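Accompanying notes for the structure given below.
The values are calculated or read from the model by the stated rules, or taken from the named source; none is laboratory data. Computed from a prediction, not measured in an experiment: that's the story for all the values here. All Cβ positions, glycine included, derive from the backbone under ideal geometry; neighbour counts span all protein chains shown.
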Amino acid sequence: MDVIEQIVEWRRHYDGWVSEQRTRANEEEIDDSYPFVRNKRAPFTPARRALPMLNLALVSSAGAYIDGTQPFDTQAAGGDFDFREIPTEVEAADLRFATRVYDPAAVQQDMNAEIPLERLFEFESNGIIGQVNEVFWSLCGFIPDAATFTEKTLPRLVARLQRYEVQAALLIPASRLCHQSVALAARAIEDAGIPTIMLAVVKDVVDSVRAPRAGFYEGQLGMVAGRPNWPEHQRRVLDEALRLIEPMDQPAVWNLTVELETQVEKSRGEK
């Protein structure tokens, strides 16, 4: 299945958008005129193993890179199409974030707001998941040229997941535009036979791109995996989303109940 179903037509719309933005001297903004990808169908791969037996990979578009290495080029017109392969044992103090279309304040306070490695290792130790893959993959947050991203980046990314024998992938966007990039990545990974689950706080983009599996809740950009320095909120978001991998038998966007439960906690003075 094509990651972008009508890629030639999309390129035409994108080229027109680029020309218009340059004419308006506003080429750095992603506004309502941007042509988000629209797909009609979604690939789907059933989970072949129970969640406690899965080697789970993490794919993030928060723009993370290791301090002292080359950051993403957030000023590239179409986006930076490279990705970083980072050990999951990395210390939070060693991560930096190249951002352009989201506020990095939350993830700078607590990497788990976007890169929830501490929560995932807790899940591993508690037997909720089989294991956290030894590396995670970091994408640039600013990639407006979805066609080039699909053709240049995603085949290499899928090959790396296959190299590590990943059995499921959790994908987490950071910005509105990231929701498109991550949904496209989920389509490519799923089409290669690896079940995915995407977290989302922007439903219209996920619906438009047609990610295979997504868990949506009324969260905030820049902290899609849960509020910073609030481990219980992060655990609830991740636990509910990950448990969708097994029972889902067709593509869908599920509404998570995490926010309703969190509001109850607030009313009780628990946060």
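Some points to look at:
- The set of residues in region 185-200 being β-branched (Val, Ile, Thr) and in contact with a Pro (Cβ under 8 Å, 6 or more places away or on another chain) consists of THR196 alone.
- Any strands (runs of 3 or more DSSP E) falling wholly within region 144-217 and containing at least 2 residues that are in contact with a Ser or Thr (Cβ under 7 Å, 6 or more places away or on another chain) and touching a residue at least 24 places away in the same chain (Cβ under 8 Å): 168-172
- Residue, modelled with the highest pLDDT, within region 94-103, restricted to residues that are part of a loop (DSSP other than H, G, I, E, B) and among the aliphatic types (A, V, I, L, M): ALA98
- ALA159, sole failed condition from (1) of a type in the set (Gly, Ala, Ser); (2) touching a strand residue (DSSP E or B) at 6+ places or on another chain (Cβ under 9 Å); (3) farther than 23 Å from TRP10 by Cα: (2)
- Within region 113-131, considering residues that are crowded, with 23+ Cβ neighbours inside 10 Å and of a type in the set (A, V, I, L, M, F, W, C), the one nearest to SER181 (Cα to Cα): ILE115
- PHE121 being at pLDDT 95 or above, part of a loop (DSSP other than H, G, I, E, B), within 23 Å of ALA186 (Cα to Cα) and not β-branched (Val, Ile, Thr): no
- Residue under evaluation GLY68, criteria (1) at pLDDT 95 or above; (2) surrounded by 14 or more Cβ atoms within 10 Å (Cβ to Cβ), criterion not met: (2)
Conditions (1) closer than 28 Å to GLY226 by Cβ; (2) touching a helix residue (DSSP H, G or I) at 6+ places or on another chain (Cβ under 9 Å), marked per residue:
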| site | (1), (2) |
| --- | --- |
| ILE7 | no, yes |
| ARG11 | no, yes |
| SER33 | no, yes |
| LEU56 | yes, yes |
| PHE72 | yes, no |
| PHE83 | yes, yes |
| GLU91 | yes, no |
| TYR102 | yes, yes |
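- Remark: pairs (first residue in region 94-118, more than 21 Å from ASP73 (Cβ to Cβ); second residue surrounded by 17 or more Cβ atoms within 10 Å (Cβ to Cβ) and at pLDDT below 95; Cβ separation under 7 Å; 6+ apart in sequence or on different chains) are absent.
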